[in-house]
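Worksheet: the structure to be examined is printed underneath.
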Ligand SMILES: Cc1cc2nc3c(=O)[nH]c(=O)nc-3n(C[C@H](O)[C@H](O)[C@H](O)COP(=O)(O)OP(=O)(O)OC[C@H]3O[C@@H](n4cnc5c(N)ncnc54)[C@H](O)[C@@H]3O)c2cc1C
């Protein structure tokens, strides 16, 4: 008798398969080519995909849902990661997994993966790309899980846009690898050894120190509770909804499967009111 995998999120009404959710994403398999450890805190997985059309994979900051466990008779256990880089010539993608100590589905997948392993995924889903907008500057607040997104964003930085990014990581080498486009100032917030991820509130502190917040377009991603506080602070300082995108990439002490259950319940409620996935406010979820 097979044991039920509690990390599998049930989608009773099949809502995640509908067009509103899929939005042109494809189901695809990535064949692992190599796994390297460029820094102590990161496993870099390079894999080959054969997309129907490479064009949607090319813009920066795309996310994919990867199936890290496939329990028989249940939906796969999925986790969201960023395409750090895509090479349309070789059809290879890079995903950086931040290593953490929990015995979690993504970490288990990583330990077992070898060149040749096939990783099923759904994607790509486009996330934030900074756009010049009048005199507005771009402010980025990111923890280590969002460094792959920041890397992709900086590589494609629009000419003439002024920006500043605050990055918290325990691993200064991961920060040092970021591109430095003209007009962008990068700030390293180094987390000391032994201090846990999601405990410092350093990105919130950086956001609180942002001069004249209403002059900026903001993108922030990191631990969920800190991100909600950061969003609330900037809102209270006059940053409007359309000038700010804040995402909880993970929650301290909670599995992403539980976050996904909350997301699905909220999404079902929105669809019942005739709304769409665009109306799903990430950090507003009641988790
Ligand atoms: C759009 C998007 C893009 C993302 N891109 C990336 C990416 O490119 N690289 C990346 O590494 N992550 C990325 N993440 C975050 C990643 O999905 C989560 O860290 C996820 O929880 C990892 O799954 P898991 O199975 O290891 O842990 P889970 O089963 O989800 O959680 C188990 C436990 O581990 C803890 N935990 C999870 N992640 C961390 C962490 N980084 N540090 C410390 N504790 C942790 C949780 O708090 C929980 O207690 C992204 C998330 C989103 C939403």
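Order 32-38, 197-203 from most to least packed using the mean count of other Cβ atoms within 10 Å.
Values: 32-38: 13.4, 197-203: 18.1.
Ranking, from highest mean packing down: 197-203, 32-38.
Take the Cα gyration tensor of the stretch 137-250, multiply each eigenvalue by 5, square-root it, and list the three semi-axes largest first, rounded to whole angstrom. Mind dumping the intermediate values first?
Working: eigenvalues 79, 69, 25 Å².
Over the Cα atoms of the stretch 137-250, the ellipsoid semi-axes are 20, 19, 11 Å.
Using Cα-only point scatterers and the Debye equation, what is log10 of I(q)/I(0) for the stretch 1-139 at each q in 0.09, 0.18, 0.21 Å⁻¹, rounded to two decimals?
Debye intensities relative to I(0), on a log10 scale: -0.31, -1.12, -1.37.
With label points built 7 Å along Cα→Cβ from the Cα atoms of residue 13 and residue 268, find their separation and express it in nm.
For the pair residue 13/residue 268, the computed spacing is 0.7 nm.
Regarding the stretch 216-287, what are the three Cα extents along the principal axes, ordered largest first, in Å?
Largest first, the stretch 216-287 extends 33, 32, 15 Å along its Cα principal axes.
Evaluate E = 1/(1 + (r/R0)^6) for residue 75 and residue 36, where r is the Cβ-Cβ distance and R0 equals 30 Å; express this FRET efficiency to the nearest 0.05.
On the way: r = 31 Å, r/R0 = 1.02.
The value I calculate is 0.45.
How many angstrom lie between the C-alpha centres of the stretch 221-250 and the stretch 257-286?
Value for the Cα centre distance between the two parts: 17 Å.
Would you work out the relative contact order for the stretch 137-250, in percent, from Cα pairs under 8 angstrom that are 6 or more residues apart? The partial results should precede the final answer.
Values: 194 pairs, mean separation 33.0, N = 114.
Answer for the stretch 137-250 is 29 percent.
Over the chain, what is the relative contact order in percent, taking alpha-carbon pairs closer than 8 angstrom and at least six residues apart? Spell out each step's value before the answer.
Details: 525 pairs, mean separation 46.7, N = 287.
Answer for the chain is 16 percent.
In nm, to one decimal, how far is the modelled label at residue 278 from the one at residue 261, with both set 7 Å along Cα→Cβ?
3.1
Note down the Stokes-Einstein diffusion coefficient of the stretch 115-202 in µm²/s, whole number, using a Kirkwood radius over alpha carbon pairs, 4 °C, and 1.567 mPa s. Mind showing how you got there, number by number?
Numbers: Rh = 14.6 Å.
Value of D from the Cα-based Kirkwood radius: 88 µm²/s.
Rank by packing, highest mean first: peptides 52-62, 184-194, 136-146, 77-87, with packing defined as the count of other Cβ atoms within 10 Å averaged across residues. Before the final figure, lay out the partial values.
Numbers: 52-62: 16.1, 184-194: 13.3, 136-146: 24.5, 77-87: 22.4.
Averaged packing, sorted descending, gives the order 136-146, 77-87, 52-62, 184-194.
Please report the Cα spread of the stretch 43-94 along all three principal axes, rounded to whole Å, starting with the longest.
Extents along the principal axes: 37, 26, 16 Å.
Residue 193 to residue 162: FRET efficiency via 1/(1 + (r/R0)^6), r the Cβ-Cβ distance, R0 45 Å, to the nearest 0.05? Write out the running numbers ahead of the final one.
Details: r = 34 Å, r/R0 = 0.75.
In this case the efficiency is close to 0.85.
In degrees, nearest 10, range 0 to 90: what is the angle between the Cα axis of helix 224-236 and the longest Cα principal axis of the chain?
Roughly 40 degrees, rounded to the nearest 10.
Please work out how much length the chain gains when fully extended from residue 90 to residue 131, using 0.36 nm per residue of separation minus the C-alpha to C-alpha distance, in nm with one decimal.
Residue separation times 0.36 nm, minus the Cα-Cα distance, leaves 11.9 nm.
Given the C-alpha centroids of the stretch 66-113 and the stretch 132-147, what is the distance between them in whole angstrom?
25
Go ahead and estimate [θ] at 222 nm for the chain from helices alone: -39,500 (n - 2.57) per DSSP H run with n ≥ 4, summed, over the residue count, rounded to 500.
Details: 7 runs with 63 residues, N = 287.
That calculation yields -6000 deg cm²/dmol at 222 nm.
Can you give me the P(r) profile for the stretch 51-199? Cα pairs, bins 5 angstrom wide beginning at 0, each as a whole percent.
2, 8, 16, 19, 18, 16, 11, 6, 3, 1, 0
Quick check: convex hull over the Cα atoms of the chain, volume per residue in Å³, rounded to an integer?
Working: hull volume 40.9 nm³, N = 287.
Roughly 143 Å³ of hull volume per residue.
Read-outs: derived from the displayed coordinates by stated rules, not from any lab. Quantities reported herein were computed from a predicted structural model and do not represent experimental measurements. Every residue, glycine among them, receives a Cβ derived from its backbone with ideal geometry; neighbour counts consider all protein chains shown.
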